Structure formats: structure tokens, C-alpha cells
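We did not get these values from a lab; they are worked out from the coordinates using the rules stated. Since we're looking at a predicted model, the values are computed, not measured. With ideal geometry, Cβ positions are generated from the backbone for all residues, glycine too; neighbour counts draw on all protein chains shown.
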Amino acid sequence: MTLSFSIIEFENVSKTMRRKLKMAGIVATLDYPHAKKLGKGVWLLCGVIAFDSSYPSDGEAATPISKYFKDIKRIVFDSKDGYSFEYDNSNDKILVYFGGFEPIDEFDLSDLTGVSFIAIGYN
């Protein structure tokens, strides 16, 4: 299944509504202070993430995003600066790839900021 979203309506959110959440190796800045209900128990969360200087080889914990859901189904990330991102649902991790390969353990990704995401799940 392929999901496609438009994030234009989320780009005009007041900066005072943004909330920063730091856990382990990522900082998540949310477009809204909480997830938005889409209906029938489905919720949406949008924002951007930034990484720190020590990316673990098994991925960064997605807790700053996943903690808003009882059952998260998908996190979709925009590619940035040659990096691509994948959500590992079984381990609740964000995996980072460059050129098709995952960065080595303790890789410095601190310059990788402003990576947009959309998360969908149930509460």
C-alpha cells in the first residue's frame, strides 16, 4: 500500500503551537501540541525531527513520535540531503540511510535537521 500526503496545510502553523520533545538521539518539533483526530480512532501527528551527534547502528528510538499513539501504523518521512528514512514498527526505531546503506554506529548526524514527518495510528 502506498500512502501520499500533502503537508501544505501544516506549514502555516504558528511557531507558538510547536512543541519540542527530546528523547535519546532525536528532537521532534510538532506542528500541533497533540495528535489530530481523523475519525474512527485514527490519529495524525505532523512535525520535523533533528538528530544528534551519535546515531546508533540499530536506529534512533521513535518514542518522541510514537508515544502519542497506542498503536502506530506508519511514519512517513521526507528525504533530505541524500538521506532517506524508514520507521521500524517492530522495534519502534527510525532508521537512516544514505546511498542505500545505514550509517555506521555513532555516526554524527547533528547537521541533519528539519526532516518532515507524518505519523498515523490509533489511540
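What's log10 of I(q)/I(0) for the stretch 18-122 at q = 0.18, 0.19, 0.24 Å⁻¹, Debye sum over Cα points only, no solvent? Scattering profile of the stretch 18-122, log10 relative to I(0): -0.80, -0.89, -1.39.
The residues Asp31, Asp105, when put in order of fewest to most other Cβ atoms within 10 Å, stand as Asp105, Asp31.
What net charge is computed for the residues neighbouring Phe51, neighbours being all others with C-beta under 10 Å from the C-beta of Phe51, Lys and Arg scored +1, Asp and Glu -1? Every neighbour counted, the sum reads -4.
Other residues with beta-carbon under 11 Å from the beta-carbon of Ser84 carry, at +1 per Lys or Arg and -1 per Asp or Glu, a net charge of -3. Taking the stretch 89-110 and a reference point 7 angstrom along Cα→Cβ of Ser53, the backbone N atoms nearer than 18 Å belong to 104-110.
Can you check what the net charge comes to around Ile118, using other residues whose Cβ is under 10 Å from the Cβ of Ile118 (Lys, Arg +1; Asp, Glu -1)? Result for the neighbourhood of Ile118: -1. By the beta-carbon count within 10 Å of each Cβ, the least crowded to most crowded order of Ile49, Ile26, fewest first, is Ile26, Ile49. Residues Glu86, Glu106, Glu60 in ascending order of nearby Cβ atoms (within 10 Å, fewest first): Glu106, Glu86, Glu60.
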